[in-house]
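The block underneath contains the structure these notes are about, expressed in structure tokens.
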Amino acid sequence: MENTQVPSKKRFYKRWWFWVGAVLLLFIIIGASSNTSPQKVGQNSTVAASTNQPASSSSAPQTFKVGDQVQLGDSVLTVNKVQVSQGGEFEHPSVGDEYVNLNITIQNNSSSGQYVTTLGQMFVRDAQGNSYQVTPTDVVIQNPSSSLDGQVIANSKRTGWVGFEVPQGDKGLQFQYDGSLFGGGTILVDLGK
């Protein structure tokens, strides 16, 4: 009889994939447990578009207005201006659509840099619940140096344009800012359209 030795199996907690999953889960938990309640902390003195929003009920998420300075965690977000466009010389929306361009300021009040991505954190949604992602519009293309994407350094702010393509005449538009890709809370701003 041969003496064959069966190699012992590693326990699951000694495998690399277990620890990678554990670290990812930890990041998700930390992101979800951050301050997820947006609060109005101020208002711009000049507002390009304004709305009369009735007081929101406790079951619905709180909605803010254009010009409101809204704090979420260590960030303060302000939608400064709403501009509707049919495009420029080189860039046009699809037939039946229009561009909604937002001038936004993000202020970082923390002692470390914060990264912002328009593609993963910013959306426009309509009254029917449809969600629209960022689109390179005429205003965004004309202002390439005012992108919001990238790092907002500690104790500073960044102002820039972000655009969306929505059906022409769409009503009940709201800007949605997700504080983190890992669930850091959401800010909703009524665009008055």
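Readers should treat all values here as calculations from the given coordinates under stated rules, not as data from a laboratory. What you see is a predicted model, and the numbers here were worked out from it, not measured in a lab. Methodologically, a virtual Cβ is constructed for each residue, glycine included, from the backbone with ideal geometry; neighbour enumeration extends over all protein chains shown.
So the values come out like this:
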read-out	value
Index of the failed condition, Asn143 passing every other in (1) buried (at least 19 other Cβ atoms within 10 Å of the Cβ); (2) more than 17 Å from Tyr177 (Cβ to Cβ); (3) without any contact (Cβ under 8 Å) to a residue 40 or more places away in the chain	(1)
Residue identified as surrounded by 13 or more Cβ atoms within 10 Å (Cβ to Cβ), outside any strand (DSSP E or B) and more than 12 Å from the chain's Cα centre (by Cα) among Gly120, Gly129, Gly160, Gly88	Gly88
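Listed here are the residues, each with its yes/no results for (1) of a type in the set (Asp, Glu); (2) under 19 Å from Val82 (Cα atoms); (3) out of contact with any strand residue (DSSP E or B) (no Cβ under 9 Å at 6 or more places or on another chain).
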site	(1), (2), (3)
Ile104	no, yes, no
Ser110	no, no, no
Tyr115	no, no, no
Ala127	no, yes, no
Pro144	no, yes, yes
Leu148	no, yes, no
Glu165	yes, yes, no
Val189	no, yes, no
Lys193	no, yes, no
